[in-house]
Structure formats: C-alpha cells, structure tokens
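Encoded as structure tokens, the structure appears first; notes follow it.
Each value in this text was obtained by applying a stated rule to the coordinates, not by laboratory testing. If you're wondering where the values come from, they're calculated on a predicted model, not measured in any experiment. Glycine gets a Cβ as well: all are built from the backbone with ideal geometry, and neighbour counts include every protein chain shown.
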Amino acid sequence: MSAPNNNVEFLELTQDSLAAQQSHRLLLLDIEARKRATTVDVPTLPHDVRDTLRQWGEPIRLFGEDLAAIRDRLRMVMARWEVWKEQQEQGLVEGQMQVPQPMGTIPGEDAAVDEEVTETTYTHASPELINARKLMCDYSLGRSRHRLEMERQRRRGMVRWTRSKKRARLFNKEDDDGDANGNGSLYSDAGLKEESMLVKNLDNNCEKMYKSIRNQALEGSQYGDVRPLSAVCTSSIEPIGNDIPAGKWPKIIATGGWSGGIKIWNGGDDHYFNNSSQNGASDAAPLDLMGAKNIVHEDRIMSIAMKPYITSTTSTEPLTIVASASIDLSAKLCMVKLNEDANVGDSMEVENLNTKDNQLRYNIEECAHLKGHAARLCSVAFHPTGKFVATTSFDHTWRLWDVETSSMAEGKELLLQDGHSREVYGVGFHPDGSLVATTDFGGVVQCWDIRTGKSACHFLGHARRVICSEFSPNGFQLATAGDDGTIKIWDLRRRRPSASIPAHTNLITQLKFANSSSSQNGEFLASSSFDGTGKIWSTRDWKLLTSLQGHAGKVMGIDVLDGPSCGIVTCGFDKTLKLWQ
C-alpha cells in the first residue's frame, strides 16, 4: 500500500467564482426574505416611513414609487436584515454580506435601540369641568337608551319583514329579550306586526328619498361674499309652543368667508312667529339674505357651526347661536336675534350691505370671544346639548368651552386636551354626546370619551392628512375624509374599518350625514371636495346617488337641510352659495 500524499495544493477561487457564490447567497436570502416579509411590521404614517428609511441608510423615494411601493421596499429591507441576522447566528453565513443594516450597528452584535418612554399623565379636573361631565353623562345615557331601544324595535321588525315566521323560529328563544307576557318578544304577533310596519315604512321612505335625490338639480345660486366662502352650516329650528303652525318654522343657513363676516340666509319655510305673513305667505324666497355682520373676525373664517334648536321666539332672547373659528387664533359665538323693526320681505344685496343692516330680518350680535389657542384654529363644533363647543388648532390641541358662562371679555375654557403629534383639524360629536372624534395631519383619527377625558380608541388608515370627521345618527359608525380623496367608514363597535369609498379626486373638505329626523333617518352622506363637486352617498351600501356639479372652483363646504325635500347647500371658492333640491 502506498503512503498517502500529504502535498495537497489548495487553489483560491477566482473573483468570478466568488461573485457568483455571493450572488447565489443573496438570491437565497431574497427568497427567504420574501417569505418573511408578510410578518414584518412597518410604520404606517409617511413621515415615520421616511425616518425609518433614513435609519437604514436607504433612499427616501425611488423614481416612480408611490407610498405603497415605498412601504413594500422598507418591508423587504427589514426582512432581509432579520433573515441574515438569524443565518449568521446559526453559522450558516460567514463574513459580511451586502445587506442593508440600521445605522450604527455592527454585524454580529445587538444594536442598542433607544426606546422612547411614553407615559400617560392626568391632571386634576376643575369643578366646572366635573359639573359639565356630569351633565353630559346624564344627557348621553338618556339619548343612548332611546337610540338603542329604537334599534331593537327595528331589528325585531326586520326579522319579521325579511324572513318568514318559520325562519324566525330558528332563532334561539333563550336569547329573546321579551318579558313573561311576550311583550317585546320576537314571537309576539302584535308586536311584530307593528314593528314590521315600521321597517316597511322606513324602506318605502328611503326608496322615495333616493329617487328624489337622484333627480336633484340646482334650485338657486346666490352671490355670498366679496371673498371666497369657506364654511356653511344649517339648522332646522323646532317650534316652541302652539303659536307656530306645524311645518312653518324657518330653516336657517349660515355662511362664513375669507372676509371674516357671517351671513344668515333663508333655507326655506316661513320666518315669522307672531305678526308677520298673516295670510300664510312666505317671508322671503330661498337663499334671500336674512342677516349679516360684515366683521366678526380679523382674518379668514375656517369653520362655523350652529346651535341646533331655537331657544326663543322674541327679539330679547337669541333664536340660535353661531360659532366660528378663524386663523386669527380665536373663536367667537354670535347670537342670532329677531329684528322686530324689519318689514316682511326686506332683503338686500350683498354688495350693498353697510349701515342699513338693521333692515334685515335677523340681527347678529357677538356674545363671546374664545381665546387661548397658540396657533390658527381649524374647526368648531357644538355639543348636542348646545351648552358646549369644541375647537381644534394647529397647536396640536383641541379645547372645550362653556357657552353659557363665556363672554366677550373671557371665554370659559373647560378642557385643554393634547395627545396628537401633528396639527389637529377635524372635530365631531357623537349624537349621544358621549364621544368626540378629532383628526390630525398625521392621518390619525382619535376618539375621546368626553365624560371621562380618556381616549376611547384610535383609527389608522388614511394615507395623508385627515380633514373632517362626522358621526352617523345611528351612533355605530364614524366617517372620516381628507387629503387622500377617500371616505372611510369606521365601525365603532368592532373598532375597525367597515368601508372605504374612493369618493373624490382631490381633498375632501366636509362630510355631513342626513339628519336623524323621521323624514331623513340618516339615510345618506354628503361630501364636498376641491375637485369642484359635491356628492351624495347611500348609507345602506355606500353607493353614489348623485353628483352635484355647478361651482366654478373648489367646493369649500356642504350641509343638509332638514325635511322631506332633502335640500343640500354648498359654498365654494367662487364666492357663491348654492341650493340643490
């Protein structure tokens, strides 16, 4: 047997062989990373994605990439790093591969990550805030009890209306919430007949309403201001007492613009209470000017809101209150009072308003000046009780004010709430008065329990700034919209999105649900946008009912007139106010 040859010669691989081996390893790594990518958590907000890419030393955006492609690229970078890290710990790879790494880390060593410590802090509530929360709690519990009882009636009626009695028996009778006598039971014939007729009437009224909405057309257009109109709101004022015939109360429209003034317009029906229009004739035509105050703010008005119900029928007490928010760092409350000196039918052109404003039907008087925000204000909204008003601002906060105790000298601030990392813009109250939703420029929608001051939940899903939020009258849904042109519907019970509507091609400025009255029942949602259109959507399937086209530029605001006619009011950058019937 011959001795083994110990003179073994080892040859180094060529550069081409080493490159091929490295390329093969990267391909295997890429395959594993694609499998891992689905389990990697990446930031959602655009500015967080940019910061993370900088930490990894990656370019912020490549040519032709959109926001979704940027997030996918970041997900693959993080997945490759995780796979390579695991393979190195297992000894499957040696040396340093061309894998992106977080800045300041060394392969094979754990990176020291400085985690931000977030802490929730609470402050002592003032006695005024505690009393306000007690009032809102009592109000919300009563409203929610009534709303849920109506939902139960409709549910029981729906069982009868959509299914046969034989199918209804398939339900578990132990879950039936009727009493011992069968009252309120799913199987009570008398109760089911009444409740099924309720659902049938709702469906019939909804079908007629949708048919009329599809046939809506421009009924009137009014030159509203010398500068663009930026906000509009409406109020269906309920009559008090028996001195006003049913269906004869006025519908008021309020507008605010870049000139800093507020104007009141006729939205329909009669604007009389005691002595005018004795023969039953209307005071004025729709969109006639009924009141004006040219200078309320020193700068542009960004949002206005109206107290929902009439509080007096005399000239000594205010009919209603209009709240306005401006970029002059303040909000104001203005009383709308009857002008008994005005003659029936008095109206005036906008460009002729000067010292003769007292000829108009309504006087507008400032009653409170709400100061405290450190930056421009964005939105304003009344609590359903009408006793509190909320404002949002670029100072990353929103505030709650007491309407009754505020004055021109000092606005009574009840709550200063932070919690947003970006500018706060939209605000809206739950119909029960229990929750308030605020939105910011970071794409975050935050819901607060206003009775306790705690955050109830938050929603993420918008790709850009969120401008507006609106609760549905049913109390179960929240609609939000903003810079990405989409309307998102959030289910408050499941705390997740239930629908996403590609509504407009540009920024959405305002959302408004149909009123909760029996004539509208919250059956549609109206939206306005910078694309020059207003649109109406069905709340049953979120399909488009009609598109309102008539403005010569951006549509800045939209609102709904109460009543069976389902009138829609829009204001635009073209300085006009339009009524659609």
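Here are some notes:
- Checking the cross-link pairs LYS293/LYS554; LYS488/LYS554; LYS263/LYS454 against a 29 Å limit on the alpha carbon distance flags LYS263/LYS454 as lying beyond it.
- Spherically averaged projected area of the convex hull of Cα atoms, region 492-581: 6.1 nm².
- Taking label positions 7 Å along the Cα-Cβ direction at both LYS200 and ARG494, the computed distance is 3.2 nm, reported to one decimal.
- Values of log10 I(q)/I(0), in the order q = 0.18, 0.27, 0.32 Å⁻¹, for region 539-578 under a Debye, Cα-only, solvent-free model: -0.60, -0.99, -1.09
- Think of region 477-581 as having a plus end and a minus end, set by charges on the Cβ of Lys, Arg, Asp and Glu; of ILE487, LEU577, GLY567, ILE487 sits farthest toward the positive end of this dipole.
- In nm, spacing of pseudo-spin labels at ALA409 and GLU298 (7 Å Cα→C-beta vector): 2.1 nm
- Relative packing of 328-338, 55-65, 289-299, which averages over residues the other C-beta atoms within 10 Å, highest first: 328-338, 289-299, 55-65
- Here the spin labels are modelled as points 7 Å beyond Cα on the Cα-Cβ line, and at ASP30 and SER517 they lie 6.4 nm apart.
- Summing Lys and Arg as +1 and Asp and Glu as -1 over all other residues whose Cβ lies under 12 Å from the Cβ of SER379 gives a net charge of -1.
- Pairwise FRET efficiency - GLN90 versus ARG227, Cβ, R0 = 56 Å, nearest 0.05: 0.20
- Net charge of neighbours whose Cβ lies under 12 Å from the Cβ of LYS578, counting Lys and Arg as +1 and Asp and Glu as -1: -2
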